[in-house]
Structure formats: structure tokens, C-alpha cells
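Student: Encoded as C-alpha cells, here's the structure I'll be asking about.
The values are calculated or read from the model by the stated rules, or taken from the named source; none is laboratory data. Fair warning: this is a prediction, and the values are worked out from it, not measured in the lab. Glycine gets a Cβ as well: all are built from the backbone with ideal geometry, and neighbour counts include every protein chain shown.
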Amino acid sequence: MGQAWSIRPYKSGDEEAIFEVFCAAFGQTHDKDQWLEWWLWKYQNNPAGSPIIWVAEADDRLVAQYAIIPVKMKMGDRIITGSQSVDTMTHPDYRGRGMLFTLSERVFEEAGKQGIEIVYGFPNRMTSWYRKLWLEVDARSTLIKPLNLRNILEKKITNTYLLKIGETGLSFFVKIFSRTSYPPEVDGLTITRVSSFDERFNDFWENVSNDYEISVVRDMTYLNWRYVDIPGVDYAIFVAEKNGQVMGYTVLRCGQQFGLLFGNVFELVTPLGHEPIAQALMLKAIEFFGGEKPDLILCRMIANKKMDRVVRKSGFLSLNFAGKSLRFVARSNTPKISKAYLTNRTHWFVQTGDSDAIY
């Protein structure tokens with residue numbers, strides 16, 4: 001295999017070869033037609049604009065990709081164009097040659113030219129080249145609510161006797177520390193499942209966005225693209241309303257990971273001064289997942305401590321020792337945004353739905 005390689009921007013039709021690299025890089029098998037539909041949704045149908053994709057070629061084939069997709073973001077009192085780093089990958093046969101570092105430099109250079117002020121991402125691991133280009137903001141808080149302890153423990157314990165002891169002990173722990181507190185009733189509040197987001201969510205976001213310094217703009221257009229328009233994927237969307245006004249919402253979905261069925265809370269959004277509403281939405285999430293029968297419910301976020309407290313009151317346990325690997329990183333493409341500003345954890349509102357995760 002030759003050592004020479006070169007880079008270039010994406011051109012139409014590359015997605016066929018990108019699919020092959022994706023499967024090889026992540027060791028996954030996908031239905032090609034379904035994957036290509038997701039690719040078109042993520043890269044071509046994004047309402048925030050066109051992606052920036054650069055690829056590497058070697059031995060007359062495409063072997064690596066670095067890509068960012070644009071997203072509208074609220075930063076202070078401004079609406080800016082930001083972006084998310086997605087699908088960073090190199091074919092296993094071509095790793096260790098510095099392709100991703102070179103590709104990322106070119107992508108960030110182009111992003112700066114296009115006025116994309118910041119980029120954020122969710123790296124699986126922080127390699128040395130990653131640390132040269134990114135600022136680590138924090139690890140996302142990981143909160144779980146175990147529902148099927150035996151299934152969870154079976155992934156680590158094979159001895160039947162030890163499994164029984166572990167299940168008994170952990171069940172006692174969960175009963176003590178995973179109690180659900182019920183919020184005071186909010187007069188006139190209703191929570192219903194909806195199939196899409198309407199124009200009221202624009203007004204709702206204008207209100208709730210004031211609680212956070214930096215966040216993806218969660219308006220009607222973005223929410224429908226992220227959770228409704230994605231082909232072949234169904235999310236459960238629950239909206240809290242009072243007198244016809246949106247007071248909050250949550251987005252939920254189950255998915256298989258590591259041999260377990262996870263119930264994932266992709267979004268939980270309410271004004272910070274309305275904790276009973278947020279907790280009511282969490283109870284609705286628990287009720288929904290009760291019917292889906294996942295092994296555990298998972299909620300990951302970087303948010304105000306009030307939101308963290310709401311999730312804990314709903315019977316979730318902190319798993320922050322595992323969350324340390326769930327890094328959230330960012331970088332600025334402009335000198336106007338300082339390192340101190342960007343790495344201040346309290347500035348950010350980040351949830352699972354801010355990533356390109358589907359399950």
C-alpha cells in the first residue's frame with residue numbers, strides 16, 4: 001500500500017464511498033439505502049445551510065473524512081452561525097498518517113472564511129492532535145434510572161450466585177437513592193404527545209433562551225428538522241401546555257447500545273424558574289419508557305444546576321464517573337470569542353439532541 005495521500009473538498013457522489021469508510025471505521029453494518037437517506041437529511045437538507053466536508057484519498061480511493069454541519073446558535077445577545085463536528089473517520093488501513101489533523105485544519109480554515117464563529121463536538125476520545133485544535137469544555141453529566149437490574153448486571157457478571165448477590169444489593173441501593181419525588185400540581189397544565197413542532201415553539205424559545213448564554217437555537221424549524229424530518233426514525237415528543245401556551249417539552253427515544261435497551265432523554269426544555277413543569281415532563285418520560293421497557297433511562301446534559309436537580313428528583317442517579325469519557329469540546333474561529341468565555345461550563349446548555357446521535 002502506498003504512503004502518498006492527498007486531500008480535497010467533497011464533491012457530489014462521494015457519499016457512496018463515504019459509506020464504505022463509515023462501516024469500516026466504526027465496525028458497523030448498515031442498510032446502505034437507509035444510511036444514505038440519513039446522510040442526505042443531515043448534510044443536504046439541513047435548514048441552517050451547507051456542510052463543509054473534506055476528504056482524503058490514497059491508493060485511488062477515499063479513505064478519510066472530516067466534516068462540520070452548520071447550526072444557528074444563540075451566544076449572549078447575538079444569533080450566530082456555529083457548527084457541529086460530525087462523522088470524523090479514517091479507514092482502519094490508513095490510520096496514523098495525520099490525515100484527520102490535516103483535514104480538520106482545512107475545514108476550520110474554510111469555516112472561518114464562511115463566518116462560522118464556533119465549532120463544537122462530542123469526541124469519543126481526546127487524541128493528541130485533537131487537543132491541539134480543540135478546547136475541552138467539560139464532560140456531560142450522566143444521570144441514569146435503572147429499570148432492569150438483572151439485564152444490566154449480566155453484561156458484567158456471569159456467575160449466577162454473584163449475579164443474585166449483586167442484584168439484591170443494587171436493588172436495595174436503588175430503592176433508597178432512586179426515589180421519585182412528585183412535584184406540586186400545576187393548575188391547568190396538560191402534557192400531550194405531538195407529532196411535530198408548531199409556531200408557538202418560536203415564542204417559547206425566545207423566552208427560554210434568556211436562561212442560557214450559549215445554546216443551539218431550538219426554534220420550530222430546527223426542532224422539526226432534528227426530530228420530525230429525519231427519515232425512518234420516530235421520536236416521542238411530549239409538550240407541556242397551559243392555556244394554549246407552550247410551557248416546555250421533552251423528546252424521547254429507545255435504542256440498543258452495548259447489548260442493552262436504553263431509554264434516551266434527548267431534550268428536556270423548560271424555563272428555569274418552572275421546576276414543577278420540568279419535573280412533570282420527566283415523570284411523563286418515565287411513564288412513556290415504562291411502556292417501552294428499556295433496561296435503563298439515560299439523561300446526559302450540560303445545564304444549569306436547577307435542571308440537574310429536576311432530573312435527580314425524578315429518581316435518577318449520577319453516573320459522573322462514567323461521564324468523564326463523554327467529553328464536550330468547542331473551538332473558536334474568531335479572536336472575538338475568548339478561550340475563557342468558551343470553556344466556561346456555566347455558559348452552555350447542551351443535551352443529547354445537540355449531537356447527531358439518533359438512538
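Student: I'd like the residue in region 286-311 that is under 24 Å from Glu213 (Cβ atoms) and crowded, with 20+ Cβ neighbours inside 10 Å and, out of all such residues, is farthest from the chain's Cα centre (by Cα).
Tutor: That would be Val310.
Student: Sticking with this structure for a sec: Being among the small types (Gly, Ala, Ser) and surrounded by 13 or more Cβ atoms within 10 Å (Cβ to Cβ) is the filter here, so list the residues in region 192-215 that pass it.
Tutor: Those that are among the small types (Gly, Ala, Ser) and surrounded by 13 or more Cβ atoms within 10 Å (Cβ to Cβ): Ser209, Ser215.
Rundown of residues vs (1) under 21 Å from Tyr249 (Cβ atoms); (2) of a type in the set (A, V, I, L, M, F, W, C), yes/no style:
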position: Gly273; (1), (2): yes, no
position: Ile277; (1), (2): yes, yes
position: Leu281; (1), (2): yes, yes
position: Gly290; (1), (2): yes, no
position: Arg312; (1), (2): yes, no
position: Ser318; (1), (2): no, no
position: Arg327; (1), (2): no, no
position: Arg331; (1), (2): no, no
position: Ile337; (1), (2): no, yes
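Student: Filter region 45-79 down to the residues that are closer than 17 Å to Ile358 by Cβ and exposed (fewer than 14 other Cβ atoms within 10 Å of the Cβ) and list them by number.
Tutor: Passing the criteria: only Asn45.
Student: Right, here's the next one. Being modelled with pLDDT of 95 or more and aliphatic (A, V, I, L, M) is the filter here, so list the residues in region 185-207 that pass it.
Tutor: Of everything in region 185-207, those that are modelled with pLDDT of 95 or more and aliphatic (A, V, I, L, M) turn out to be Leu189, Ile191, Val194.
Student: Enumerate the strands (runs of 3 or more DSSP E) found wholly within region 205-279, keeping only those where 2 or more residues are of a type outside the set (Val, Ile, Thr).
Tutor: Qualifying strands (runs of 3 or more DSSP E): 236-242, 245-257, 260-269.
Student: Arg97: surrounded by fewer than 19 Cβ atoms within 10 Å (Cβ to Cβ) and either assigned to a loop (DSSP other than H, G, I, E, B) or touching a strand residue (DSSP E or B) at 6+ places or on another chain (Cβ under 9 Å) (or both), yes or no? Outline the logic, then answer.
Tutor: Numbers: surrounded by fewer than 19 Cβ atoms within 10 Å (Cβ to Cβ): yes; either assigned to a loop (DSSP other than H, G, I, E, B) or touching a strand residue (DSSP E or B) at 6+ places or on another chain (Cβ under 9 Å) (or both): yes.
Criteria met by Arg97.
Student: Inspect all residues belonging to region 315-326 and state whether any of them is among the hydroxyl-bearing types (Ser, Thr, Tyr), surrounded by fewer than 17 Cβ atoms within 10 Å (Cβ to Cβ) and at pLDDT below 95.
Tutor: yes
Student: While we're looking at this one, here's another question. Hey, among the residues in region 263-285 that are of a type in the set (A, V, I, L, M, F, W, C) and either surrounded by fewer than 19 Cβ atoms within 10 Å (Cβ to Cβ) or not assigned by TED's automatic domain parsing to the domain that holds Ile237 (or both), which one's farthest from Val137 (Cα to Cα)?
Tutor: That would be Leu283.
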